[in-house]
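Enquirer: Supplied in structure tokens, the structure appears directly below.
The values are calculated or read from the model by the stated rules, or taken from the named source; none is laboratory data. Remember, it's a predicted structure, so these values are computed and weren't measured experimentally. Because the Cβ atoms are built from the backbone with ideal geometry, glycine has one as well, and the counts that use them run over all protein chains shown. All accessible areas refer to the heavy atoms of the entire protein, side chains included, with ligands and DNA or RNA removed. Shrake-Rupley method; radii C 1.70, N 1.55, O 1.52, S 1.80 Å.
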Amino acid sequence: RFVNGYGPTEGTVGAIMAVLNPDDPQPVLGRPLPNYQVYLLNPQLQPVPVGVAGEIHIAGVGLARGYLNRPELTAEKFIPNPFSAREGNRLYKTGDLGRYLPDGRIEFLGRIDHQVKIRGFRIELGEVEAAMRQHTAVQDVLVLAPEDESGTRLVAYVVGEAEDLVDLRPFLNQSLPNYMVPAAFVVLEQFPQTPNGKIDRKALPAPGEQVTT
């Protein structure tokens, strides 16, 4: 069994957990542990429906009191809990994005600061990546929003076999609005990596002859 645990330091490291299944979308965070409450909220602190991205907020007995000697940051990140009648109850704004799966578990979509704006539309790069991972031929994916002389556009770097990905754009058109479908796809055998094993974004090739449509 593979167990995935999620939680920031401010939530005592463990707040959400899942026993993963082989056919699960990746990455699944799971459900809150006992004595924790987790809310997916929009910028107006309203709960989002199933399938819609929202910022992950954590409440419960495991929440930290705040940041030592940093009252301004504490006030920014530890906010009053509008869903609790108990005085002083707070929510921690994680800065992480997630969405509810139909079975009630939470799927991780990335960081909220990975949001970009293209042609007036706000786009969560993690949401685009999550949609692409639903294609059976996509082994891994990274979506970026580089800017050049023509403006900002979405570029998807996809690990997989090019011949198996020829229908990727039509596949995405079924679940994403047009402005969220990448303008270019670069198919790679594997991502270039830094010495510590992370994706070397500076070494990614620019869209060109390798672009598949």
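Enquirer: For the stretch 132-148, indicate whether the set of residues that are part of a strand (DSSP E or B) and of a type in the set (Lys, Arg) is non-empty.
Expert: Within the stretch 132-148, not a single residue is part of a strand (DSSP E or B) and of a type in the set (Lys, Arg).
Enquirer: Then there is this: From the list ARG70, ARG86, ARG65, ARG90, pick out the single residue that is of a type in the set (Lys, Arg), surrounded by 13 or more Cβ atoms within 10 Å (Cβ to Cβ) and more than 23 Å from the chain's Cα centre (by Cα).
Expert: Every option except ARG90 fails the conditions.
Enquirer: Same structure, new question: Residue by residue through the stretch 62-78, note down the ones that are part of a loop (DSSP other than H, G, I, E, B), of a type outside the set (D, E, K, R) and out of contact with any strand residue (DSSP E or B) (no Cβ under 8 Å at 6 or more places or on another chain).
Expert: Result: TYR67, LEU68, ASN69.
Enquirer: Another question, if that's okay. Across the stretch 110-122, which residue is nearest to the chain's Cα centre (by Cα) among those that are closer than 17 Å to LEU40 by Cα and not in a helix (DSSP H, G or I)?
Expert: By that ranking, first place goes to GLY110.
Enquirer: Could you run through the stretch 35-90 and say how many residues are of a type in the set (Phe, Trp, Tyr), without any contact (Cβ under 8 Å) to a residue 12 or more places away in the chain and closer than 20 Å to GLY110 by Cα?
Expert: 0
Enquirer: Could you check the stretch 41-62 and list, in sequence order, the residues that are open to solvent by 30 Å² or more (accessible area, probe 1.4 Å) and of a type in the set (Val, Ile, Thr)? Write out each step before concluding.
Expert: To start, the set of residues in the stretch 41-62 that are open to solvent by 30 Å² or more (accessible area, probe 1.4 Å) comprises 42-47, 49-52, 61.
Matches in the stretch 41-62: VAL50, VAL52, VAL61.
Enquirer: Could you list, in sequence order, all residues of the stretch 154-213 that are within 20 Å of GLU124 (Cα to Cα), in a loop (DSSP other than H, G, I, E, B) and not hydroxyl-bearing (Ser, Thr, Tyr)?
Expert: If the condition is that a residue be within 20 Å of GLU124 (Cα to Cα), in a loop (DSSP other than H, G, I, E, B) and not hydroxyl-bearing (Ser, Thr, Tyr), then LEU154, GLN174, LEU176, PRO177, VAL181, PRO182, ALA183 are the ones that fit.
Enquirer: When you scan the stretch 129-147, do you find a residue that is under 15 Å from VAL52 (Cβ atoms) and surrounded by 15 or more Cβ atoms within 10 Å (Cβ to Cβ), even just one?
Expert: Looking only at the stretch 129-147, we keep the residues that are under 15 Å from VAL52 (Cβ atoms), and these are 130-131.
Now narrow it down to the ones that are surrounded by 15 or more Cβ atoms within 10 Å (Cβ to Cβ): 130-131.
Looking through the stretch 129-147, at least one residue is under 15 Å from VAL52 (Cβ atoms) and surrounded by 15 or more Cβ atoms within 10 Å (Cβ to Cβ).
Enquirer: Being within 29 Å of VAL19 (Cβ to Cβ) and free of Cβ contacts under 8 Å to residues at least 60 places away in the same chain narrows it down to one residue among VAL116, VAL159; which is it? It would help to see each step written out before you state the result.
Expert: Numbers: VAL116 fails: within 29 Å of VAL19 (Cβ to Cβ).
Exactly one residue qualifies, and that residue is VAL159.
Enquirer: A further question on this structure: Taking the stretch 188-200 as the search range and keeping residues that are within 21 Å of LEU165 (Cβ to Cβ) and surrounded by 11 or more Cβ atoms within 10 Å (Cβ to Cβ), which one is modelled with the lowest pLDDT?
Expert: That would be ILE199.
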